[in-house]
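J.: This is the structure I have questions about; it appears just below.
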Amino acid sequence: MSVTAAQLLVRCLEEEGVEYVFGIPGEENIHVVQALEESSIRYVLVRHEQAASFMAEMYGRLTQRAAVCSATLGPGAINLQLGVADATTNSTPLVAITAQVGRDRSYKESHQGVDLVSLFHPITKWSALVPTPEALPEMTRKAFKTAQTERPGAVFLAIPEDIEKADVSADLKPLRIDRVRPNEPTDDQVGRAADVVRAARRPIVLAGHGAAREDATAELVAFAEATGIPVATTFHGKGVFPDDHALSLGTVGFMSHDYVNFAFDAADTIIAVGYELQEFDPQKINPDADAKIVHVHRGAAEVDAHYPVDVGLHGSIARSLALLTGALGTGEASPTPLAAAAEKITGPLRDELAQHAVDDRVPLSPQRVVADTRAALGRDDIVLADTGAVKMWMARLYPTYAANTCLLSNGLSTMGFALPGALGAKLARPDAKILAATGDGAFLMNAQELETAVREEIPLCVLVWEDDGYGLIEWKMELDMGTSSAVKFGNPDVVAFAESFGGKGVRITAADQLLPALQEGLASDGVTVIAVPVDYSENLKLTDRLGGLEDPLTA
């Protein structure tokens, strides 16, 4: 008795708990696609391989289980690379599997022959060619184990065409999954960390992506309340500490010196919980490199002159926080100096959002769009904010109350992920409302996936912030040079565009139309694209205001 290597691979994927494979078939992987058709795994046919990688990435980010994107060899595989790199830099588990030329022509110049293993090597945790059909169980298990082990990231496997369709013994079985359990920090580490925190005069917590991945909210809140230490989050950490908690300082990461940056300027100790350096330059949170650092994460910190770690607690983030809280003593503490001044940091942000929530101008102010987006979504619903000016406004102002409910790319900061990523997010969290918020530049980078959503019957709501240009680049050019160039373009009729795919298009012509349009689109089982004109003159007004900002903590 025998099966094909393609069938063996699919059995291995089923054993790993894979529910979806996102991709486009090619001549060289048709046996894998057919084996998927005969399995419990749903193959989601997309319109561009880049979109497949973003769908897999966002599914993996929400589930912490590696999703799979698939492509043929050569150009198909190369098209996967952007989302694969995004997954690795955003610490998200993903397994990319592509075809490769057969072994009978791999040693010579050949049609569509590209060294894919070398191409994927710098953007993955592991990149390998399957050398023989019998290696599939071991290599598949290693791929998922590597992708899902901290820090998570992407893995790449290339399967030669002749191996994919080869026969193998039916006795070959998928390997048993061994669950990796995080260690606990040592008693000595916890004791030294507690000593640093006790000695601190102006401590602050920075919660990052690692804390969000582990969903360490309960332990983080307990630590803050027991110590009176306020908490700021990175863009990727948004929501892991609720923004409406009295000890919340909001989000740090905006390109200008914002209110929350003053808290870091004043801090003498930073308890970094799940923070990873690619999220935000440590120089921005420790400009003089003089703050003491307590690094709470599953692994050791990257080396940086502005991130000198005094004590590292390595192991489960939630468990490390619980142990540190216990070592410091229980009970609700009095607010520390920075916590007592928290209102001076968060109050102006709330006031800015509230003031613009009733701003009726058209085009709409970015703040009005953020306010209506927040009003349309529940606390546990999810918004994906694409890279561009929309990302800056959403990261800075959008109140977030649960981990992984405001998803941004801040490792690679790539454009075009939100629309396809929303499809992966909806499959991962079918009970949540999912919104893709994107600029018009990013929208057209993967707008073809509207057809995928319609055909696959995946509910999708897209909010397109329209300004007929690359707004963030224009913003930065104006800041640096006082002028801008090569940033303006034309747009299609978004309403007609959405309808041409079988979706619904909505154009906002009055400010009071946006919230009901969002509510209706999010409640729909179909595809809705909402175009809202945005007044980005607010961009320079904001950075001018922040540039002249005096320290609110001394005011």
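The values are calculated or read from the model by the stated rules, or taken from the named source; none is laboratory data. Since we're looking at a predicted model, the values are computed, not measured. Cβ placement follows ideal geometry from the backbone for every residue including glycine, while neighbour counts extend to all protein chains displayed.
J.: Can you find a residue in the range 230-253 that is out of contact with any strand residue (DSSP E or B) (no Cβ under 8 Å at 6 or more places or on another chain), among the hydrophobic types (A, V, I, L, M, F, W, C) and either more than 13 Å from residue 335 (Cα to Cα) or not in a loop (DSSP other than H, G, I, E, B) (or both)?
T.: No.
J.: I'd like to verify a number: residues in the range 254-272 that are among the polar types (S, T, N, Q) and either part of a loop (DSSP other than H, G, I, E, B) or more than 11 Å from residue 205 (Cβ to Cβ) (or both), how many?
T.: 2
J.: A further question follows. Could we say that residue 108 is closer than 21 Å to residue 30 by Cα and either basic (Lys, Arg) or at pLDDT 95 or above (or both) here?
T.: no
J.: Would you be able to say whether some residue in the range 118-127 is within 30 Å of residue 275 (Cβ to Cβ) and β-branched (Val, Ile, Thr)?
T.: Looking through the range 118-127, at least one residue is within 30 Å of residue 275 (Cβ to Cβ) and β-branched (Val, Ile, Thr).
J.: Of (1) under 23 Å from residue 274 (Cα atoms); (2) buried (at least 24 other Cβ atoms within 10 Å of the Cβ), residue 64 satisfies all except one. Which?
T.: That leaves (2) as the condition not met.
J.: Also, I was wondering about something else. Failed condition for residue 181, given (1) modelled with pLDDT of 95 or more; (2) out of contact with any strand residue (DSSP E or B) (no Cβ under 7 Å at 6 or more places or on another chain); (3) over 27 Å from residue 27 (Cβ atoms), with all others met?
T.: Answer for residue 181: the failing condition is (1).
Every residue, every condition in (1) of a type in the set (Asp, Glu); (2) in contact with a Pro (Cβ under 6 Å, 6 or more places away or on another chain); (3) touching a residue at least 40 places away in the same chain (Cβ under 8 Å); (4) surrounded by 22 or more Cβ atoms within 10 Å (Cβ to Cβ), yes or no:
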residue: 234; (1), (2), (3), (4): no, no, yes, yes
residue: 249; (1), (2), (3), (4): no, yes, yes, yes
residue: 274; (1), (2), (3), (4): no, no, yes, yes
residue: 277; (1), (2), (3), (4): no, no, no, no
residue: 308; (1), (2), (3), (4): no, no, no, no
residue: 317; (1), (2), (3), (4): no, no, yes, yes
residue: 338; (1), (2), (3), (4): no, yes, yes, yes
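J.: If I ask for residues that are acidic (Asp, Glu) and over 28 Å from the mean Cα position of the chain (by Cα), which ones from the range 24-53 would you list?
T.: Hits for the range 24-53 are 27, 28, 37, 38.
J.: Oh, and also: Need a quick list: strands (runs of 3 or more DSSP E) entirely within the range 65-141 having at least 1 residues that are over 23 Å from the mean Cα position of the chain (by Cα).
T.: 94-100, 126-129
J.: Sticking with this structure for a sec: Identify, by number, the condition in (1) over 25 Å from residue 546 (Cβ atoms); (2) of a type in the set (A, V, I, L, M, F, W, C); (3) assigned by TED's automatic domain parsing to the domain that holds residue 515 that residue 390 doesn't meet.
T.: Single failed check for residue 390: (1).
J.: Next question, about the same structure. If only one of 82, 36, 45 is within 20 Å of residue 452 (Cα to Cα) and surrounded by fewer than 20 Cβ atoms within 10 Å (Cβ to Cβ), which one is it?
T.: 45
J.: Ok, one more. Does at least one position in the range 177-198 carry a residue that is closer than 25 Å to residue 49 by Cβ and among the hydrophobic types (A, V, I, L, M, F, W, C)?
T.: The answer is no; no qualifying residue exists.
J.: When you scan the range 507-523, do you find a residue that is under 19 Å from residue 444 (Cα atoms) and either touching a strand residue (DSSP E or B) at 6+ places or on another chain (Cβ under 9 Å) or in the same structural domain as residue 20 (by TED's automatic domain parsing) (or both), even just one?
T.: Scanning the range 507-523 turns up at least one residue that is under 19 Å from residue 444 (Cα atoms) and either touching a strand residue (DSSP E or B) at 6+ places or on another chain (Cβ under 9 Å) or in the same structural domain as residue 20 (by TED's automatic domain parsing) (or both).
J.: So which residues in the range 399-412 are in contact with a strand residue (DSSP E or B) (Cβ under 6 Å, 6 or more places away or on another chain) and farther than 13 Å from residue 212 by Cα, if there are any at all?
T.: Result: no residue meets the conditions.
J.: Answer with yes or no whether residue 250 is on the phi > 0 side of the Ramachandran plot, modelled with pLDDT of 90 or more, within 22 Å of the chain's Cα centre (by Cα) and not assigned by TED's automatic domain parsing to the domain that holds residue 408.
T.: Yes.
J.: Select, from 540, 514, the only residue that is under 30 Å from residue 263 (Cα atoms), surrounded by 12 or more Cβ atoms within 10 Å (Cβ to Cβ) and within 29 Å of the chain's Cα centre (by Cα).
T.: The match here is 540.
J.: Among the residues of the range 168-216, count how many are acidic (Asp, Glu), surrounded by 14 or more Cβ atoms within 10 Å (Cβ to Cβ) and in a loop (DSSP other than H, G, I, E, B).
T.: Selection size over the range 168-216: 2.
J.: Right, here's the next one. Restricting to the range 340-366, count the residues that are under 28 Å from residue 513 (Cβ atoms), out of contact with any helix residue (DSSP H, G or I) (no Cβ under 7 Å at 6 or more places or on another chain) and not in a loop (DSSP other than H, G, I, E, B).
T.: Number satisfying all stated conditions: 4.
J.: Can you tell which of 326, 299 is part of a helix (DSSP H, G or I) and either free of Cβ contacts under 8 Å to residues at least 40 places away in the same chain or under 22 Å from residue 186 (Cβ atoms) (or both)?
T.: It is 326.
J.: Sticking with this one: Being among the charged types (D, E, K, R) and free of Cβ contacts under 8 Å to residues at least 12 places away in the same chain is the filter; apply it to the range 104-162 and report the residue that is surrounded by the fewest Cβ atoms within 10 Å (Cβ to Cβ).
T.: 109
J.: So, of the residues in the range 344-373 that are touching a residue at least 60 places away in the same chain (Cβ under 8 Å) and of a type in the set (Lys, Arg), which turns out to be nearest to residue 247 (Cα to Cα)?
T.: Here the residue is 344.
J.: I've got another one for you. Kindly provide the set of residues from the range 1-51 that are assigned to a loop (DSSP other than H, G, I, E, B) and of a type in the set (A, V, I, L, M, F, W, C), ordered by number.
T.: Those that are assigned to a loop (DSSP other than H, G, I, E, B) and of a type in the set (A, V, I, L, M, F, W, C): 1, 18, 24, 41, 46.
J.: Let me ask you something else. Return the pairs, sorted by first residue and then second, in which the second residue is at pLDDT below 95 and crowded, with 21+ Cβ neighbours inside 10 Å, the first residue lies in the range 377-405 and is among the basic types (Lys, Arg), the beta carbons are less than 6 Å apart, and the residues are 6+ apart or on different chains.
T.: That search, which allows pairs on different chains as well, returns 396/254.
J.: Hey, does the range 143-155 have a residue that's hydroxyl-bearing (Ser, Thr, Tyr) and over 22 Å from residue 298 (Cβ atoms)?
T.: no
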